[in-house]
Amino acid sequence: MAPVSGSSEVLDQFPTMVGLISAFGLVFTVSLFSWICCQRKSTKSNKTPPYKFVHVLKGVDIYPENLNSKKKFGADEKTELSPKSLVSKTSLHLDLEKRDLNGNFPKANKVRSSPDLEDFSQPQLPENEKDSISPESIKSSTSLTSVDKPDTLGTLFFSVEYNFEKKAFVVNIKEAKSLPAMDEQSMTSDPYIKMTILPEKKHKVKTRVLRKTLDPAFDETFTFYGIPYSQVQDLVLYFMILSFDRFSRDDVIGEVYFPLSGVELSDGRVLMNREISKKNKSAGRGELLISLCYQSTTNTLTVVVLKARHLPKADTSGLSDPYVKVNLYHAKKRISKKKTHVKKCTPNAVFNELFVFDIPCEGLQDISVEFLVMDSDRGSRNEIIGRLILGASADGTGGEHWKEICEHPRRQIAKWHMLCDG
């Protein structure tokens with residue numbers, strides 16, 4: 001058995017060991033306290049704040065709100081802001097993007113406005129007028145270009161194809177771009193599109209409403225069964241672009257007519273885009289195919305009335321009996337008139353009749369041709385189905401057709417034209 005005297009010696013030395021440990025701990029605590037005090041004293045003598053928050057998106061130093069304004073936004077420690085160093089918000093934003101990852105400016109660069117930004121945002125003015133620049137004047141000068149732009153109704157993008165296996169005609173309404181704002185408060189629209197296949201108007205569809213957009217992306221496909229491929233060339237796609245209104249009648253933005261004659265669908269899908277035009281209150285008057293040729297050597301104008309299609313019914317009893325009256329005008333005075341034969345009971349008449357007019361002046365500047373599609377009625381007065389004007393001052397396709405024959409004399413040029421109310 002171990003001697004008892006050894007354990008008694010250890011017990012006797014235990015108070016001494018505890019005292020040494022306590023003394024060492026006291027010395028360490030005093031030393032740590034002294035070091036902390038020195039660190040606090042040195043920190044107070046430093047002008048920079050003890051902490052800061054860094055904006056990770058732009059690298060902007062954002063200090064606490066209780067600091068002075070000159071310490072905010074990472075201002076230089078040795079320099080103070082002066083009237084010469086004041087910069088605009090836009091130039092400050094540009095310079096902040098040039099900071100390094102720590103949110104500081106490079107030493108070679110100073111906080112100043114960017115010449116490139118000044119050239120872009122403000123017009124160049126003489127030195128004596130620079131002091132009078134105001135935000136209102138800058139805003140008005142930058143908005144001049146937008147005021148000069150003409151009002152447009154946008155563009156419609158769509159595609160057409162024919163599925164030979166299912167004997168179906170397929171239309172995909174993709175999107176519309178740059179529509180006008182129909183809501184004056186929010187300066188936006190809630191557009192949707194109605195589509196009809198003319199002339200029967202049996203197939204009527206519409207897209208969903210897209211909220212608060214001027215560039216709606218519909219991407220909706222409509223398949224029409226039971227339409228033979230041989231009849232596709234005689235069809236016309238009619239698109240009406242509207243803006244939904246919860247409290248009143250929907251606003252009509254515009255319309256697009258797209259005749260399928262001349263569109264080859266045997267090779268697959270055909271992508272199309274058409275400018276949206278203002279809605280014609282006389283829509284549904286039908287179309288007229290006219291061919292013109294100007295002979296500059298003989299100073300004559302050859303007019304060929306080829307076809308009419310999609311003519312409306314004269315009354316509820318039956319189809320119309322159309323014929324065409326052709327009037328030649330010189331300086332708004334009628335100098336000659338012709339007319340075709342009557343075609344009985346048809347909305348799609350084929351005339352193929354040629355007329356030659358002598359022009360009383362050199363060139364076609366003061367010449368215009370009027371076409372009146374009439375409905376022959378023995379029992380009463382003949383009614384006007386539709387009207388068409390071709391001339392230098394004519395709108396739409398009438399003016400375009402006239403311009404082409406003036407630029408290409410001795411060439412026969414044919415075009416389809418929409419008829420208006422008489």
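The values are calculated or read from the model by the stated rules, or taken from the named source; none is laboratory data. What you see is a predicted model; the values in this text were computed from it and never measured. Cβ: placed from backbone, ideal geometry, glycine included. Neighbour counts: every protein chain shown. When the accessible area is computed, the model is the full protein with side chains, heavy atoms only, and any ligands, DNA or RNA have been set aside. Shrake-Rupley method; radii C 1.70, N 1.55, O 1.52, S 1.80 Å.
Tabulated data for the structure shown
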| quantity | calculated |
| --- | --- |
| In region 160-181, residue nearest to Tyr225 (Cα to Cα) [restricted to those that are under 14 Å from the mean Cα position of the chain (by Cα) and not polar (S, T, N, Q)] | Lys174 |
| Number of positions in region 360-386 that are open to solvent by 20 Å² or more (accessible area, probe 1.4 Å), farther than 23 Å from Lys343 by Cβ and in a loop (DSSP other than H, G, I, E, B) | 5 |
| Residues of region 260-277 satisfying the condition of being more than 16 Å from Met240 (Cβ to Cβ), in a strand (DSSP E or B) and not aliphatic (A, V, I, L, M) | Asn273 |
| Selected residue (criterion: nearest to Gly262 (Cα to Cα)) from residues of region 387-412 that are part of a strand (DSSP E or B) and touching a Leu at 6+ places or on another chain (Cβ under 6 Å) | Leu388 |
| Filter result (among the basic types (Lys, Arg) and in contact (Cβ under 8 Å) with a residue 12 or more places away in the chain) within region 335-381 | Lys337, Lys338, Lys339, Lys343, Lys344 |
| Count - residues of region 305-352 that are part of a strand (DSSP E or B) and open to solvent by 30 Å² or more (accessible area, probe 1.4 Å) | 15 |
| The lone exception for Gly399 - which of (1) open to solvent by less than 60 Å² (accessible area, probe 1.4 Å); (2) within 37 Å of the chain's Cα centre (by Cα); (3) in contact (Cβ under 8 Å) with a residue 12 or more places away in the chain it fails | (3) |
| Hits in region 183-226 - residues which are open to solvent by less than 60 Å² (accessible area, probe 1.4 Å), touching a residue at least 40 places away in the same chain (Cβ under 8 Å), in a loop (DSSP other than H, G, I, E, B) and over 28 Å from Arg309 (Cα atoms) | Ser189, Asp190, Leu214, Pro216 |
| Residue satisfying all of: in region 1-46; open to solvent by 100 Å² or more (accessible area, probe 1.4 Å) and β-branched (Val, Ile, Thr); modelled with the lowest pLDDT among these | Val4 |
| All positions within region 227-265 that are under 22 Å from Glu161 (Cα atoms) and either surrounded by fewer than 13 Cβ atoms within 10 Å (Cβ to Cβ) or basic (Lys, Arg) (or both) | Pro228, Ser230, Gln231, Gly262, Glu264 |
